[in-house]
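The values are calculated or read from the model by the stated rules, or taken from the named source; none is laboratory data. All values reported here derive from a predicted model rather than from experimental measurement. Quick reminder, even Gly has a Cβ in these numbers, built from the backbone with ideal geometry, and neighbours come from all protein chains shown. Ligands, DNA and RNA are stripped out before the accessible areas are found, and what is left, the full protein with its side chains, is counted by its heavy atoms. Shrake-Rupley method; radii C 1.70, N 1.55, O 1.52, S 1.80 Å.
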Amino acid sequence: MKKLMLLEVTKLAITIKDIAEKAGVSIATVSRVLNYDSTLSVTDETKKRIFKIAEDLDYKKRKHKANAAQRIVFLHWGTENEELNDIYYMTMRTGIEERAEFHKIQLLKYLKEDVLDIPKDIDGIVIVGHIFDEYLDRLKKITNNIVIIDAFYEVEGIDTVRTDFKKITKKAVDHFISTGHKKIGFIGGYETFHNTAAPIEDKREKYFRSYLQQKDMLNEDYIFIDDFSADSGYEQMKKAINTLKDDLPTAFYTGSDPIAIGALRALHEASIEVPGKVSVIGIDDISISKYVYPALSTVRIETELMGETAIDLVMERILTGRKVAKKIYIESTLIIRDSSL
């Protein structure tokens with residue numbers, strides 16, 4: 001039976017207990033869900049409830065009154081169940097939904113594969129992630145009040161809310177270098193979309209390669225790519241351990257917190273000390289990242305604020321008639337916990 005990472009019960013028992021009580025499950029179940037334990041047999045609904053309660057306990061929500069009434073399409077990355085593999089998008093969804101409630105917006109939700117079903121009598125569109133040009137051209141014929149969150153490429157004439165992954169990558173890598181690491185690896189994922197053949201190179205991987213090349217530290221053998229799930233992080237770290245052996249990097253920058261959590265589990269099973277032998281830094285600072293053992297170092301991305309900002313931009317376009325596009329970057333923060341020196 002696979003070894004499981006343990007939570008720091010002495011520090012976090014009250015919080016874990018609160019989550020368990022609110023979710024109506026055992027403390028052990030909460031611990032295993034938050035650690036992305038693939039051997040645990042619980043429903044997606046239970047997982048979703050636990051993640052949502054963890055988010056609610058971690059953030060203080062603002063409640064406001066408003067009197068606007070608009071119909072806004074939320075064109076999102078995947079289903080709520082698919083988001084369980086990478087709750088980066090779950091917290092973004094929370095920001096969008098709560099800000100829409102603040103503005104008294106009627107939020108119409110569509111998957112990107114259903115883009116042709118979007119009605120024409122709408123006031124604006126919020127898009128999460130990449131969208132193909134031909135689809136975007138169709139949407140522009142419906143409305144000019146469009147905002148894209150986390151766009152992969154520059155989009156002319158459209159409002160965007162972005163994370164600067166170039167700066168995030170630099171922060172993580174510079175921290176590793178400053179603490180003496182010379183062999184730095186990367187575990188990341190491809191972005192894929194429904195009904196598309198080729199995966200899209202992720203910006204985190206792109207900037208990792210370019211920055212390590214600038215530093216004359218790039219080793220292609222240290223790069224492992226699959227998808228953004230915890231299971232992928234686990235399998236890719238196992239692959240790194242088994243193939244690189246004594247040449248295993250002493251530090252890994254990962255494309256997301258779930259990937260990092262899976263990687264920590266693989267290191268734990270291989271009895272590789274973290275951070276004594278290998279340091280790990282994730283991205284997102286999802287609420288559960290502080291609950292794993294060792295607590296995960298990560299770069300905090302304000303995903304909820306990104307969702308809120310997108311709704312605010314759409315409403316500004318609608319109410320003021322603004323034509324000039326805005327490109328907004330949300331700042332990130334490197335948070336060093338116990339998984340890195």
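If R0 is 35 Å, the Cβ-Cβ spacing of D114 and T46 corresponds to a FRET efficiency of close to 0.80. Using a cut-off of 19 Å between Cα atoms, the listed pairs K170/K327; K183/K277; K170/K277; K17/K47; K167/K206; K170/K206 include K170/K327; K170/K277 as exceeding that distance.
Each peptide in 16-22, 141-147, 214-220 gets a packing score, the mean of other Cβ atoms within 10 Å over its residues, and the list from highest to lowest is 141-147, 16-22, 214-220. Computed about its Cα centre, the charge dipole of the chain is approximately 840 debye, with only Lys, Arg, Asp and Glu carrying charge at their Cβ.
If you build a Gaussian network model of the chain, linking Cα atoms that sit under 10 Å apart, which residue out of I177, I281, I131 swings the most? In the Gaussian network model the winner is I177. Using the Cα centre of the chain as origin and beta-carbon charges of +1 (Lys, Arg) and -1 (Asp, Glu), tell me which of L319, L212, I259 is placed farthest towards the positive end of the dipole. Of the options given, the answer is L319. Ordered by 1.4 Å accessible area with all protein chains kept, S232, S26 run largest first as S26, S232. Roughly speaking, to the nearest percent, how much of the range 200-341's 1.4 Å accessible area is carbon and sulfur? Answer for the range 200-341 is 48 percent, counting heavy atoms of protein chains only. Run the simple label-point estimate for K326 and N219 please: 7 Å along Cα→C-beta, distance reported in nm. In this crude label model, K326 to N219 measures out at 4.6 nm. The label-point distance for Y153 and E201, in a model that sets each label 7 Å from Cα toward Cβ, rounds to 1.3 nm. Modelled this way, with points 7 Å down the Cα-to-C-beta line, the labels at K22 and E316 are 3.1 nm from one another.
In this structure R317 has an accessible area near 10 Å², from a 1.4 Å probe over the protein heavy atoms.
The amide H of D226, built 1.01 Å from its N in the peptide plane, has G188, G189, Y190 as neighbours under 5 Å, considering only residues 5 or more places off or on other chains. For the chain, the mean residue ellipticity at 222 nm estimated from helices alone is -12500 deg cm²/dmol, where every DSSP H run of n ≥ 4 contributes -39500 (n - 2.57) and the total is divided by all residues, rounded to the nearest 500.
Using a 1.4 angstrom probe on the protein heavy atoms only, could you order L305, L313 from most to least accessible area? Intermediate values should be presented prior to the final figure.
Numbers: L305 75, L313 5 Å².
Largest accessible area first, the list is L305, L313.
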